[in-house]
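Here is the structure we will look at, set down as structure tokens.
The values are calculated or read from the model by the stated rules, or taken from the named source; none is laboratory data. These figures come from a predicted structure and were not determined experimentally. Here the Cβ is made from the backbone with ideal geometry for all residues, glycine too, and neighbour counts use every protein chain on show. Ligands, DNA and RNA are excluded from the accessible area calculation, which covers all protein heavy atoms including side chains. Shrake-Rupley method; radii C 1.70, N 1.55, O 1.52, S 1.80 Å.
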Amino acid sequence: MFNVLARQPMWRRLLLRGTTCLLQVEDPNFLHQRHISSLCLRLVTQRLIHRPPAAPSVLRFPGAGYFLANNETRAYKKDTKSTVELPVCPITVTDIKQYIRSKDIPFHDGYSCLHIPSIFVESSARKDSFSLFIDKTTGQFLCKDTLVEGSWEDLQDCLEVMQKEEQDFLSPHVLLGYPESVEEQEERERELREVQRIWSSSVPLTDVPEDEAQLIKTMFQIPKVSNATLKKFGVRLFKPTKSLVFPWFGGPDSSLKGVKLLSAQNTDTDKVTYNEATVPKCSSYYNLFGLPLVNRMDSELVLTGHELDTLAVSQATGLPSVALPRGVSCLPPILLPYLEQFKRVTLWLGEDIRSWEASKIFSRKLGLRRCSLVRPGEYQPSPVEALAQGKNLSRIIKASIPAAHKSIVSFKQLREDVYGELLNTEQVAGVKWMRFPELNRILKGHRKGELTVFTGPTGSGKTTFISEVALDLCMQGVNTLWGSFEINNVRLAKIMLTQFAMQRLEENLEQYDFWADKFEELPLYFMTFHGQQNIKTVLDTMQHAVYLYDINHVIIDNLQFMMGQENLTVDKFAVQDHIIGAFRKFATNTSCHVTLIIHPRKEEDDRELQTASIFGSAKASQEADNVLILQEKKLVTCPGRRSLQVTKNRFDGDVGIFPLDFIKTSLTFSAPIKGKHKLRKVPIKPDDEEVEGHEVAPKKDDIKKDKAEKSNKTKKTPRPVKSPTTGK
């Protein structure tokens with residue numbers, strides 16, 4: 001029942017909730033306030049009956065469900081941000097325009113959204129304002145006047161109700177007034193109290209003694225940012241943790257919605273690292289820092305990846321500037337309507353290759369025609385560093401490169417990109433693994449836009465190993481989407497949580513909430529598919545997740561579960577080639593890394609797998625940028641029976657193999673630090689004779705006997721001690 005509710009649009013959820021339906025509310029004026037009559041109920045019910053159920057969508061851990069601990073039932077907790085509505089047939093901008101025209105609604109065609117007059121504001125108060133924005137890619141809408149948001153189906157329902165009821169507008173409470181659970185209300189109120197506590201306990205830097213304020217600025221490397229700029233943006237100091245506090249003002253009344261705390265820490269390389277904390281938690285933190293200072297008539301904007309960069313740009317150039325809430329890791333589509341008014345957007349997200357890749361991805365969301373990118377380099381560092389070095393920020397912004405490009409380019413246009421890769425060799429190599437240094441030595445890192453094929457014998461631990469590899473990257477900020485068709489999401493999440501906590505939580509249930517809270521903050525999402533699936537449905541879901549959550553890594557486990565839904569009259573190898581080609585194209589077009597698990601052909605137990613052992617034709621190994629094989633010696637019982645072999649590395653050609661140890665208590669693999677394990681094979685005969693081709697395992701008693709004999713041989717005869725009285 002709960003899974004059904006989670007997948008239904010807002011109108012259907014209201015009707016299906018037995019205890020919170022439209023006719024069972026505390027407020028007796030509910031129906032009057034929302035202009036809903038029996039005709040409306042019949043209309044919505046009719047749409048519910050005749051509409052097919054929603055397709056499987058993307059689910060974020062922990063999702064909805066029950067957990068048992070200490071013989072007590074845990075409270076049901078529903079994460080409102082956990083599911084993403086994915087229509088059966090993905091909506092197109094043409095479909096949206098045709099529907100709007102059929103309702104005689106005027107609209108403006110914007111860069112990433114369609115603008116229409118808000119249906120949640122009285123017609124007399126609308127004037128000529130087109131304040132309702134419809135995302136061209138997903139159909140999601142947002143009314144900037146009332147902050148009402150919802151899916152494309154929600155908007156259709158609202159327009160149908162207005163037409164049938166002959167209403168000029170709908171009350172925003174229609175979509176804002178659905179009841180929250182007790183847990184959701186308590187959590188929201190607790191976070192709001194925490195926001196107010198932090199804000200009231202912090203002080204403006206102008207109220208801090210000058211020497212202390214200068215010390216704080218030096219610590220955050222902003223000595224040239226003036227107190228006037230800090231006051232203008234409302235930046236404060238939270239003294240207990242020596243953190244800067246950046247406010248989030250939002251809504252029609254510009255009230256305080258949240259805060260971000262930024263603390264600085266020095267490293268061995270004399271570089272400052274920043275630690276961020278947001279209240280509310282990051283999944284609910286949708287702030288564009290600096291947005292309240294933007295004028296309605298401004299047409300140019302500088303988009304940065306850090307609040308300190310926004311301060312630097314605003315002070316040095318006077319241009320309106322805003323910062324993304326989660327840096328270069330994500331540009332939530334819910335923020336796109338606030339960026340629609342600008343005819344030119346300059347993306348200056350940082351000084352490394354990762355920020356450059358993010359700039360190119362975000363420019364597609366914002367519209368290539370109006371975006372320009374500041375290329376990172378030696379002479380164009382981040383805005384805050386450029387200000388500290390005395391560089392001309394206005395000149396750097398004017399020299400930014402247009403995002404739109406032709407299909408054919410010359411080396412002159414690629415020259416700076418080539419130089420950037422040569423200059424930033426380590427960053428080009430990708431994100432490094434923390435748990436697998438040997439993998440870094442061979443592959444150099446995890447890079448966007450690549451296709452990795454991973455295989456291994458049945459039962460060797462492919463899913464367990466690749467889950468730890470993906471978890472390692474996810475802990476470093478790589479937004480990850482899991483498509484597990486072989487095992488269900490609850491079991492997979494349990495494995496990854498155990499690997500994350502490095503211990504068996506079933507033996508330490510009192511620590512579950514501690515580790516689950518930390519695990520929940522990871523940018524980790526799961527597809528709700530299980531069993532055989534159609535490749536088109538899976539690709540649509542992946543595309544939707546990449547747009548919505550800026551996914552950088554997708555894991556598909558495994559290829560064979562997608563072949564059963566295809567045309568059975570077609571050769572199975574041709575079907576596999578088609579699927580692999582589709583994933584290759586997806587990885588290239590979306591700049592997203594795809595890891596594809598493929599079962600190998602059946603081989604003899606004593607033979608190692610090779611690239612040719614991958615099931616199907618040679619298409620998989622040809623299209624892949626990396627080929628990884630989990631080798632397992634089935635006749636070996638001691639540690640060292642498993643190893644990881646890299647047989648293809650398109651980045652720089654390095655290949656190799658290294659041993660793996662499986663730690664059962666934490667379900668993790670780790671490379672041994674010193675030396676290599678001597679492999680001990682299982683004896684075939686019970687006697688002590690050596691069998692040809694096999695070594696006999698030595699017995700414990702024989703080992704002790706040998707050690708004793710060696711000890712006796714090497715032991716020296718003790719010297720006679722002279723008596724102190726006789727001298728003998």
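Note on region 336-358: residues that are farther than 21 Å from ASP298 by Cβ and either open to solvent by less than 30 Å² (accessible area, probe 1.4 Å) or not charged (D, E, K, R) (or both) total 5.
Scan region 369-385 residue by residue and report those that are charged (D, E, K, R) and either modelled with pLDDT of 90 or more or surrounded by 20 or more Cβ atoms within 10 Å (Cβ to Cβ) (or both). Hits for region 369-385 are ARG370, GLU385. Return a yes/no flag: does region 275-295 have any residue that is buried (at least 21 other Cβ atoms within 10 Å of the Cβ) and over 29 Å from ALA545 (Cα atoms). No, that holds for no residue.
Inside region 195-234, can you point out the residues that are of a type in the set (Asp, Glu) and either modelled with pLDDT of 95 or more or over 24 Å from PHE249 (Cα atoms) (or both)?
GLU210, ASP211, GLU212
If you go through region 472-531 and keep only what is of a type in the set (Phe, Trp, Tyr) and in a helix (DSSP H, G or I), you end up with PHE500, TYR512, PHE514, TRP515, PHE519.
Report yes if ILE555 is part of a loop (DSSP other than H, G, I, E, B) and either crowded, with 17+ Cβ neighbours inside 10 Å or among the acidic types (Asp, Glu) (or both), otherwise no. Spelling it out, it is not the case that ILE555 is part of a loop (DSSP other than H, G, I, E, B) and either crowded, with 17+ Cβ neighbours inside 10 Å or among the acidic types (Asp, Glu) (or both). Would you confirm whether any residue within region 227-250 is assigned to a loop (DSSP other than H, G, I, E, B), open to solvent by less than 40 Å² (accessible area, probe 1.4 Å) and more than 27 Å from SER394 (Cα to Cα)? Within region 227-250, none of the residues are assigned to a loop (DSSP other than H, G, I, E, B), open to solvent by less than 40 Å² (accessible area, probe 1.4 Å) and more than 27 Å from SER394 (Cα to Cα). In region 420-431, which residues are in contact (Cβ under 8 Å) with a residue 24 or more places away in the chain and not in a loop (DSSP other than H, G, I, E, B)? Passing the criteria: GLY420, GLU421, LEU423, GLN427, VAL428, VAL431. One residue stands out among those in region 142-156 that are touching a Gly at 6+ places or on another chain (Cβ under 7 Å) and assigned to a loop (DSSP other than H, G, I, E, B): the one that is farthest from ALA125 (Cα to Cα), which is SER151.
Inside region 432-465, residues that are free of Cβ contacts under 8 Å to residues at least 24 places away in the same chain and either crowded, with 22+ Cβ neighbours inside 10 Å or not in a loop (DSSP other than H, G, I, E, B) (or both) make up a count of 1.
Only a single item in (1) within 20 Å of GLN341 (Cβ to Cβ); (2) out of contact with any Asp or Glu (no Cβ under 8 Å at 6 or more places or on another chain); (3) part of a loop (DSSP other than H, G, I, E, B); (4) open to solvent by less than 40 Å² (accessible area, probe 1.4 Å) is not met by ILE105, and it is number (1).
Being modelled with pLDDT of 80 or more and surrounded by fewer than 19 Cβ atoms within 10 Å (Cβ to Cβ) is the filter here, so list the residues in region 633-642 that pass it.
Passing the criteria: only LYS633.
The residue pairs whose first member lies in region 215-237 and is over 24 Å from LEU256 (Cβ atoms), whose second member is loosely packed, with under 15 Cβ neighbours inside 10 Å and at pLDDT 90 or above, and whose beta carbons are closer than 6 Å, counting only pairs six or more residues apart or on different chains, are LYS217/PRO223. Candidates are the residues of region 479-498 that are over 18 Å from the mean Cα position of the chain (by Cα) and open to solvent by less than 30 Å² (accessible area, probe 1.4 Å); the one that is farthest from MET527 (Cα to Cα) is THR498.
Selection over region 81-113 of residues that are of a type in the set (Ser, Thr, Tyr), modelled with pLDDT under 85 and under 19 Å from ASP157 (Cβ atoms) gives a count of 1.
Can you report the number of residues in region 201-225 which are farther than 20 Å from HIS306 by Cβ and open to solvent by less than 90 Å² (accessible area, probe 1.4 Å)? Selection size over region 201-225: 9.
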